[in-house]
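Report on the structure given below.
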Amino acid sequence: MTLNGVKCTVKNCKYNVQGHLCSASAIEVNVDGGGIQANNNEHTNCHTFEMNK
Ligand code: SF4
């Protein structure tokens, strides 16, 4: 089961499937460094990420 409409290329996350899908039940995305406004897409990141072992 993967999250519909979510494309993620973070291959070393334990939830990543086939290098482009996410198998988490939900994800949380926040602004890098805190706050509620990102300047661009590079200032956002997925806090559901967990390193593959
Ligand atoms: S949990 Fe986040 S980083 Fe991991 S595969 Fe899903 S979207 Fe990507």
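The numbers here are math on the coordinates, done by the rules we state, and not lab data. Quantities reported herein were computed from a predicted structural model and do not represent experimental measurements. When we count neighbours, we look across all protein chains shown, and the Cβ atoms used for this are built from the backbone with ideal geometry, even at glycine.
Given H placed 1.01 Å from N in the peptide plane, which residues other than close sequence neighbours of C22 have an amide H under 5 Å from its amide H?
Close amide H contacts, sequence-distant or interchain: L3, C8, V17.
Which order do peptides 3-13, 27-37 fall in by mean Cβ count within 10 Å, highest first?
Highest-to-lowest ranking by the protection proxy: 3-13, 27-37.
Please state the charge dipole magnitude for the chain, taken about the Cα centre, from unit charges on C-beta atoms (+1 on K and R, -1 on D and E), reported in debye and rounded to the nearest 20.
Around 260 debye, computed over the chain.
Mind listing the phi-derived Karplus ³J(HN,Hα) values for region 17-24, rounded to whole Hz, using 6.51, -1.76 and 1.60 with θ = phi - 60°, and x for any glycine or proline?
10, 6, x, 8, 10, 10, 9, 5
Farthest toward the dipole's positive end in the chain, which of Q37, N16, A26, given Cβ charges of +1 (Lys, Arg) and -1 (Asp, Glu) about the Cα centre?
After comparing all options, I get N16.
Short version: ³J(HN,Hα) in whole Hz for each residue of region 44-53, in order, from phi by Karplus 6.51 cos²θ - 1.76 cosθ + 1.60 (θ = phi - 60°), x for Gly and Pro, what are they?
10, 7, 8, 8, 7, 3, 9, 4, 4, 9
Taking amide H atoms as placed 1.01 Å from N in the peptide plane, list the residues 5 or more away in sequence, or in a different chain, whose amide H sits under 5 Å from that of C13.
HN-HN under 5 Å from C13: N52.
Using only C-alpha atoms and all pairs of different ones, pull out the Kirkwood radius for the chain in Å with one decimal.
11.7
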